[in-house]
Amino acid sequence: LGGTRDKPQSLFASRIGNFFDYFIEDAAADEAIFVTLSAREFTEIIDVMPQRGLQIFCAGGEFSVTGSTPVDISIQSQSQHGSSYIEVKSLDGASLFIDENGKTLRQYLYNFNEDAFQSNDISVMSSHLLDDPVDLAVLPGTSDLDANYVVIINKDGSAAILNTLRSQNINGYTKWTHKR
């Protein structure tokens with residue numbers, strides 16, 4: 001669990017093998033986890049994504065979690081873009097999220113050269129199609145169609161549709177509007 005009403009900057013994990021046991025006594029290796037993020041920017045937890053380790057998306061930045069017990073858990077800041085209040089989606093090995101500015105789709109992906117995650121802007125030439133998005137959905141490719149689709153619904157009801165094939169570094173956007 002991440003970001004409760006009373007503890008918006010805290011991450012909670014149950015005792016291993018006991019899903020409903022969040023009791024903490026001595027922070028021993030077999031107990032539940034309770035950790036509060038600390039950073040210069042506001043770190044209210046927006047979403048937690050279990051992909052290539054545990055990823056935490058906050059209002060003021062993105063974090064990576066290593067370890068799985070109270071003894072060895074560590075949380076490292078990865079980038080400082082911040083996430084909007086839209087669920088993070090997984091596609092083709094990357095985590096996709098809307099930047100807190102509401103004009104940028106970012107791809108959170110591990111970079112082996114830097115030994116860290118990066119939040120790359122994959123809408124840099126199409127940011128004019130994003131207008132304070134309210135929802136994000138992904139349609140992965142099939143055996144008949146290689147490409148993946150990302151549908152971003154804007155506050156005015158229009159949509160920006162991304163046709164992407166990350167392995168080929170292909171990103172193509174289309175604006176969709178509904179006329180009544």
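Take the conditions (1) on the phi < 0 side of the Ramachandran plot; (2) buried (at least 17 other Cβ atoms within 10 Å of the Cβ); (3) at pLDDT 90 or above; THR43 misses just one of them, which is (3). Remark: pairs (first residue in segment 134-146, under 22 Å from ASP99 (Cβ atoms); second residue open to solvent by 80 Å² or more (accessible area, probe 1.4 Å) and of a type outside the set (A, V, I, L, M); Cβ separation under 6 Å; 6+ apart in sequence or on different chains) = VAL134/LYS155. Pairing each residue of segment 113-133 that is within 22 Å of GLY93 (Cβ to Cβ) with any residue that is part of a strand (DSSP E or B) and open to solvent by 50 Å² or more (accessible area, probe 1.4 Å), provided the two are 6+ apart or on different chains, yields C-beta distances under 6 Å for PHE117/TYR110; ILE122/ASN171.
Applying a threshold of 7 Å to beta carbon distances and a minimum spacing of six or more residues, or different chains, the list of pairs starting in segment 79-94 at a residue that is more than 14 Å from THR43 (Cβ to Cβ) and ending at one that is in a loop (DSSP other than H, G, I, E, B) and open to solvent by less than 10 Å² (accessible area, probe 1.4 Å) reads SER84/GLY102. The set of residues from segment 18-40 being outside any strand (DSSP E or B) and open to solvent by less than 90 Å² (accessible area, probe 1.4 Å) comprises ASP21, TYR22, ILE24, ALA27, ALA28, ALA29, GLU31, ALA32, LEU37, ALA39. Do we find that THR177 is at pLDDT 85 or above and exposed (fewer than 11 other Cβ atoms within 10 Å of the Cβ) in this structure? Answer is yes for this residue.
Among ALA94, ALA116, which is the only one that is buried (at least 18 other Cβ atoms within 10 Å of the Cβ) and at pLDDT 85 or above? Don't jump to the end; show me each part of the working.
Details: ALA116 fails: buried (at least 18 other Cβ atoms within 10 Å of the Cβ).
Answer to the selection: ALA94.
Can you pull out the residues in segment 1-17 that are under 22 Å from the mean Cα position of the chain (by Cα) and either assigned to a strand (DSSP E or B) or charged (D, E, K, R) (or both)? Even if it seems obvious, please write down each step before you answer.
Here is the first cut: in segment 1-17, the residues under 22 Å from the mean Cα position of the chain (by Cα) are 1-14.
Scanning segment 1-17 gives GLY2, ARG5, ASP6, LYS7, SER10, LEU11, PHE12, ALA13.
Count of segment 42-81 residues, restricted to those that are under 25 Å from ALA29 (Cβ atoms) and of a type in the set (Asp, Glu), is 1.
How do the strands (runs of 3 or more DSSP E) wholly within segment 42-104 filter down when requiring 2 or more residues that are small (Gly, Ala, Ser): which remain? So that I can check it myself, show each step before the final result.
Values: elements: 45-50, 54-58, 61-66, 74-79, 89-91, 94-98.
Answer list for segment 42-104: 61-66, 74-79, 94-98.
The values are calculated or read from the model by the stated rules, or taken from the named source; none is laboratory data. This structure is a prediction, so every number in the text was calculated from the model and none was measured. Methodologically, a virtual Cβ is constructed for each residue, glycine included, from the backbone with ideal geometry; neighbour enumeration extends over all protein chains shown. SASA here: full protein model, heavy atoms, side chains in, ligands and nucleic acids out. Shrake-Rupley method; radii C 1.70, N 1.55, O 1.52, S 1.80 Å.
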